[in-house]
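The values are calculated or read from the model by the stated rules, or taken from the named source; none is laboratory data. Just so it is clear, the structure is predicted and the values come from calculations on it, not from any experiment. All Cβ positions, glycine included, derive from the backbone under ideal geometry; neighbour counts span all protein chains shown. Ligands, DNA and RNA are excluded from the accessible area calculation, which covers all protein heavy atoms including side chains. Shrake-Rupley method; radii C 1.70, N 1.55, O 1.52, S 1.80 Å.
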Amino acid sequence: MRCPLRVLLLIAIASPTLADFAIYVGKTNDITDVGVTFSSTELQVHEHALLSCSDMGHVVSISASTNNDASKGRWACDGCNGLAPRDWIISRFEMYNRNDAVGHATDHPFPLFNRATGAVTLYATENGHYDMRDINNVFLGTCSRPVHPQEMDCWQLISATSLTHVFTCTSDLVPNKGLWVPDK
(Lines give C-alpha, C1' and ligand atoms only; values in the text may rest on other atoms or scores of the structure.)
Protein backbone atom coordinates (compact mmCIF):
# COMPACT_ATOMS: atom_id res chain seq x y z
CA MET A 1 0.00 0.00 0.00
CA ARG A 2 2.90 2.36 0.73
CA CYS A 3 4.64 1.74 -2.61
CA PRO A 4 1.86 3.18 -4.84
CA LEU A 5 1.75 6.24 -2.60
CA ARG A 6 5.49 6.77 -3.05
CA VAL A 7 5.18 6.39 -6.83
CA LEU A 8 2.41 9.01 -6.94
CA LEU A 9 4.47 11.33 -4.77
CA LEU A 10 7.51 10.95 -7.06
CA ILE A 11 5.39 11.62 -10.15
CA ALA A 12 3.97 14.77 -8.55
CA ILE A 13 7.45 16.02 -7.64
CA ALA A 14 8.96 15.25 -11.06
CA SER A 15 6.08 16.78 -13.05
CA PRO A 16 6.61 20.37 -14.21
CA THR A 17 4.48 22.95 -12.49
CA LEU A 18 1.93 24.37 -14.87
CA ALA A 19 0.80 27.96 -14.57
CA ASP A 20 -1.97 29.97 -16.12
CA PHE A 21 -1.41 33.30 -17.78
CA ALA A 22 -3.53 35.62 -19.89
CA ILE A 23 -2.80 37.39 -23.15
CA TYR A 24 -4.50 40.71 -23.84
CA VAL A 25 -4.43 42.72 -27.07
CA GLY A 26 -5.35 46.37 -27.33
CA LYS A 27 -4.70 49.81 -28.66
CA THR A 28 -3.25 52.88 -27.04
CA ASN A 29 -4.22 56.22 -28.47
CA ASP A 30 -1.83 58.99 -27.47
CA ILE A 31 -2.73 62.59 -28.11
CA THR A 32 0.62 64.00 -29.21
CA ASP A 33 -0.68 67.39 -30.31
CA VAL A 34 -4.07 69.06 -30.43
CA GLY A 35 -6.05 67.17 -33.04
CA VAL A 36 -3.28 64.60 -33.68
CA THR A 37 -3.72 61.08 -32.32
CA PHE A 38 -1.16 58.28 -32.53
CA SER A 39 -2.47 54.71 -32.26
CA SER A 40 -0.55 51.44 -31.79
CA THR A 41 -1.67 47.82 -31.45
CA GLU A 42 -0.04 46.11 -28.48
CA LEU A 43 0.09 42.82 -26.63
CA GLN A 44 0.33 42.37 -22.87
CA VAL A 45 1.00 39.12 -21.00
CA HIS A 46 -0.39 38.94 -17.46
CA GLU A 47 -0.16 36.31 -14.74
CA HIS A 48 -3.91 36.58 -14.21
CA ALA A 49 -7.22 37.74 -15.61
CA LEU A 50 -9.43 39.76 -14.92
CA LEU A 51 -7.46 42.99 -14.96
CA SER A 52 -7.90 46.43 -13.51
CA CYS A 53 -6.63 49.61 -15.13
CA SER A 54 -3.74 49.69 -12.65
CA ASP A 55 -2.65 46.20 -13.83
CA MET A 56 -2.67 47.41 -17.43
CA GLY A 57 -0.46 50.38 -16.67
CA HIS A 58 2.23 48.32 -14.94
CA VAL A 59 3.05 45.85 -17.72
CA VAL A 60 5.41 46.34 -20.64
CA SER A 61 3.43 46.36 -23.91
CA ILE A 62 4.76 44.64 -27.04
CA SER A 63 3.94 46.19 -30.43
CA ALA A 64 2.60 44.21 -33.38
CA SER A 65 4.92 43.34 -36.26
CA THR A 66 4.39 45.58 -39.27
CA ASN A 67 4.74 42.63 -41.70
CA ASN A 68 2.97 39.86 -39.72
CA ASP A 69 6.29 38.13 -38.99
CA ALA A 70 7.46 37.76 -35.39
CA SER A 71 10.74 35.99 -36.22
CA LYS A 72 12.78 39.14 -35.52
CA GLY A 73 10.66 40.67 -32.75
CA ARG A 74 7.20 41.72 -31.63
CA TRP A 75 4.11 39.57 -32.32
CA ALA A 76 2.17 38.41 -35.39
CA CYS A 77 -1.24 36.92 -36.05
CA ASP A 78 -3.21 35.20 -38.79
CA GLY A 79 -6.84 36.20 -38.26
CA CYS A 80 -6.33 39.47 -36.39
CA ASN A 81 -8.06 42.07 -38.50
CA GLY A 82 -10.12 45.26 -38.36
CA LEU A 83 -12.86 43.63 -36.28
CA ALA A 84 -12.95 43.83 -32.49
CA PRO A 85 -10.48 41.32 -30.96
CA ARG A 86 -13.34 39.29 -29.44
CA ASP A 87 -14.52 38.57 -33.02
CA TRP A 88 -11.17 37.53 -34.47
CA ILE A 89 -10.93 34.02 -35.89
CA ILE A 90 -7.27 33.35 -35.12
CA SER A 91 -5.43 30.44 -36.75
CA ARG A 92 -1.88 31.46 -35.67
CA PHE A 93 -0.70 33.82 -32.92
CA GLU A 94 3.08 34.15 -32.63
CA MET A 95 5.17 35.95 -30.01
CA TYR A 96 8.91 36.54 -30.30
CA ASN A 97 10.62 35.00 -27.26
CA ARG A 98 14.39 35.19 -27.63
CA ASN A 99 16.68 36.63 -24.93
CA ASP A 100 16.19 40.13 -26.37
CA ALA A 101 12.39 40.03 -26.77
CA VAL A 102 11.84 42.88 -24.31
CA GLY A 103 14.13 45.86 -23.98
CA HIS A 104 16.36 44.87 -26.91
CA ALA A 105 17.47 48.51 -27.24
CA THR A 106 18.62 48.59 -23.60
CA ASP A 107 21.59 47.16 -21.74
CA HIS A 108 19.39 44.55 -20.02
CA PRO A 109 17.11 42.77 -22.53
CA PHE A 110 15.17 39.66 -21.51
CA PRO A 111 12.74 37.09 -22.98
CA LEU A 112 8.96 37.54 -22.81
CA PHE A 113 8.66 34.40 -20.65
CA ASN A 114 10.79 32.87 -17.90
CA ARG A 115 12.95 31.13 -20.51
CA ALA A 116 13.78 31.90 -24.13
CA THR A 117 12.16 29.53 -26.65
CA GLY A 118 12.80 31.48 -29.85
CA ALA A 119 9.09 31.91 -30.37
CA VAL A 120 5.85 31.00 -28.65
CA THR A 121 3.25 30.23 -31.30
CA LEU A 122 -0.39 29.32 -30.73
CA TYR A 123 -1.94 27.15 -33.44
CA ALA A 124 -5.72 26.69 -33.61
CA THR A 125 -6.83 23.11 -33.04
CA GLU A 126 -10.62 23.13 -32.61
CA ASN A 127 -13.44 25.00 -30.90
CA GLY A 128 -11.37 27.94 -29.65
CA HIS A 129 -8.50 25.79 -28.36
CA TYR A 130 -4.83 26.16 -29.30
CA ASP A 131 -1.58 24.22 -29.01
CA MET A 132 1.37 26.30 -27.82
CA ARG A 133 4.68 25.43 -29.50
CA ASP A 134 8.23 26.80 -29.54
CA ILE A 135 10.38 27.66 -32.55
CA ASN A 136 11.28 23.95 -32.99
CA ASN A 137 7.61 22.89 -32.81
CA VAL A 138 8.06 21.46 -29.28
CA PHE A 139 4.78 21.39 -27.36
CA LEU A 140 4.73 24.00 -24.53
CA GLY A 141 1.12 24.00 -23.38
CA THR A 142 -2.43 24.87 -24.37
CA CYS A 143 -4.50 28.02 -24.70
CA SER A 144 -8.15 28.81 -25.20
CA ARG A 145 -10.20 31.83 -26.21
CA PRO A 146 -12.48 33.12 -23.44
CA VAL A 147 -16.18 32.77 -24.29
CA HIS A 148 -16.96 36.17 -22.74
CA PRO A 149 -13.65 38.06 -22.87
CA GLN A 150 -12.94 40.99 -20.60
CA GLU A 151 -12.92 44.23 -22.56
CA MET A 152 -11.73 47.36 -20.82
CA ASP A 153 -10.96 51.01 -21.47
CA CYS A 154 -8.49 52.89 -19.30
CA TRP A 155 -7.92 56.62 -19.53
CA GLN A 156 -4.75 58.47 -18.62
CA LEU A 157 -3.96 62.17 -18.81
CA ILE A 158 -3.21 62.31 -22.56
CA SER A 159 -3.99 58.77 -23.74
CA ALA A 160 -6.56 56.00 -23.66
CA THR A 161 -5.91 52.26 -23.81
CA SER A 162 -8.46 49.60 -24.65
CA LEU A 163 -7.62 45.94 -23.95
CA THR A 164 -9.36 42.65 -24.73
CA HIS A 165 -8.57 39.28 -23.13
CA VAL A 166 -7.84 37.06 -26.16
CA PHE A 167 -6.21 33.93 -24.63
CA THR A 168 -5.91 32.05 -21.36
CA CYS A 169 -2.95 29.67 -21.44
CA THR A 170 -1.62 26.82 -19.32
CA SER A 171 2.09 26.02 -19.58
CA ASP A 172 5.26 25.65 -17.57
CA LEU A 173 6.21 29.01 -19.14
CA VAL A 174 5.39 32.01 -16.97
CA PRO A 175 5.51 35.69 -17.88
CA ASN A 176 8.96 37.13 -17.20
CA LYS A 177 9.09 39.10 -13.93
CA GLY A 178 10.78 41.92 -15.86
CA LEU A 179 7.49 42.67 -17.62
CA TRP A 180 6.06 44.16 -14.43
CA VAL A 181 6.88 47.87 -14.04
CA PRO A 182 6.71 48.92 -10.38
CA ASP A 183 5.39 52.27 -9.16
CA LYS A 184 8.03 54.97 -8.99
For the range 93-184, what is the convex hull volume of the alpha-carbon atoms per residue, in Å³? 126
Accessible surface of L140 - all protein chains present, 1.4 Å probe, nearest 10 Å²: 20
Put T164, T41 in order of accessible area, largest first, probe 1.4 Å, and you get T41, T164
Counting only DSSP loop positions in the range 58-146, the trypsin sites (Lys or Arg not before Pro) whose Cβ has at most 16 other Cβ atoms within 10 Å are K72, R115
Please arrange I62, I135 by accessible surface area, largest first, computed with a 1.4 Å probe and ligands excluded. I135, I62
For the pair W180/N68, report the inter-label distance in nm, with labels modelled 7 Å from Cα in the Cβ direction. 3.6
Zone of S159 (label point 7 Å along Cα→Cβ, backbone N under 16 Å): which residues in the range 62-83? 62-64
Label-point separation (nm) for T125 and E151, each offset 7 Å from Cα along Cα-to-Cβ? 2.8
Carbon and sulfur atoms account, in whole percent of the 1.4 Å probe accessible area of the range 93-159, for 50
Tell me which GluC sites (Glu not before Pro) from the range 46-154 have a DSSP coil assignment and no more than 15 other beta carbons within 10 Å of their own. E47, E126
